[in-house]
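Here the structure is laid out as structure tokens; the discussion comes afterwards.
Coordinate-derived values only; no laboratory data. Remember, predicted model here, so these are calculated numbers, not experimental data. Cβ placement follows ideal geometry from the backbone for every residue including glycine, while neighbour counts extend to all protein chains displayed.
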Amino acid sequence: MAKGDGKKNDRVQNRSIYSRVSFLHQAAAFLSSAQQPVRPDEISSETPSIFTNSAATSEPQSGSRPRSRPATNLRTCSSSSLQGMGRRLATDLRSVSLKTRIRLSPRVKQTICKFCDSILIEGQTCTSTVENTSKGGRKPWADVLVRKCHACERERRYPIVGARPRRKSERGDAAVDVTLASSDASTPQPQQKPQKQKQKQKQKQKQKQTQQQPPMQDTPMQDD
């Protein structure tokens with residue numbers, strides 16, 4: 001027996017393609033969620049100055065305390081260029097899966113916008129809500145997850161599998177029906193036989209009657 005047969009069977013086919021798809025998904029998710037810190041010089045150059053007086057913009061005096069930097073310097077903002085790169089990688093991921101005929105899992109598909117190929121991250125690039133269009137929201141199995149993309153402002157709907165309605169016998173309203181059905185079941189009911197059985201019974205009865213009848217005796221003729 002060849003020793004290499006067992007190793008060949010354990011190998012995963014198209015491992016390089018799977019690794020490529022996994023890398024593209026991870027890179028797209030990282031770039032779309034990455035945030036670039038804003039430098040204080042960029043904020044000062046971009047924000048217009050409110051004060052027009054030269055004395056207000058001059059350096060502080062020696063006796064006065066130095067002003068603290070505004071809190072906006074510590075904030076971070078998501079870069080649109082990084083999100084564009086992540087969107088490009090998501091389109092490459094989809095094209096690779098289509099060309100190589102690899103089926104993506106539903107969870108991976110739900111994290112990518114179908115219209116603009118942007119990675120959907122809760123609270124950053126999309127918002128999710130649950131809608132129930134039934135009357136008064138009484139049907140829990142009618143819940144629908146609505147996910148809205150911030151880039152293209154489009155929505156996708158996913159059904160949520162809720163609790164199924166109970167059977168009529170398990171509901172409290174059907175207790176009377178159950179008792180009536182049990183009482184009807186306790187009383188004996190005549191069994192309805194099909195027509196074929198009735199015909200067979202009639203034939204048997206006719207045969208019995210013919211067998212029970214005595215044979216006809218010939219009476220002698222009397223001469224006048």
### Message
Relative contact order of the stretch 101-163, please, whole-number percent, based on alpha carbon pairs below 8 angstrom and at least 6 residues apart.
### Response
25 percent
### Query
Which loop-located trypsin sites (Lys or Arg not before Pro) does the stretch 119-152 contain, where loop means any DSSP state but H, G, I, E or B and the Cβ has at most 15 other Cβ atoms within 10 Å?
ARG138
### Query
With respect to the cross-link table entries LYS139/LYS168; LYS99/LYS148; LYS109/LYS148, which display a Cα-Cα separation exceeding 18 Å?
LYS99/LYS148
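Using the Cα centre of the stretch 100-154 as the reference point, and only Cβ charges (+1 on K/R, -1 on D/E), how large is the resulting charge dipole? Debye, rounded to the nearest 20. It would help to have the intermediate numbers written out before the result.
Working: 11 positive and 5 negative charges, 66 e Å.
Computed about the Cα centre, the dipole is about 320 debye.
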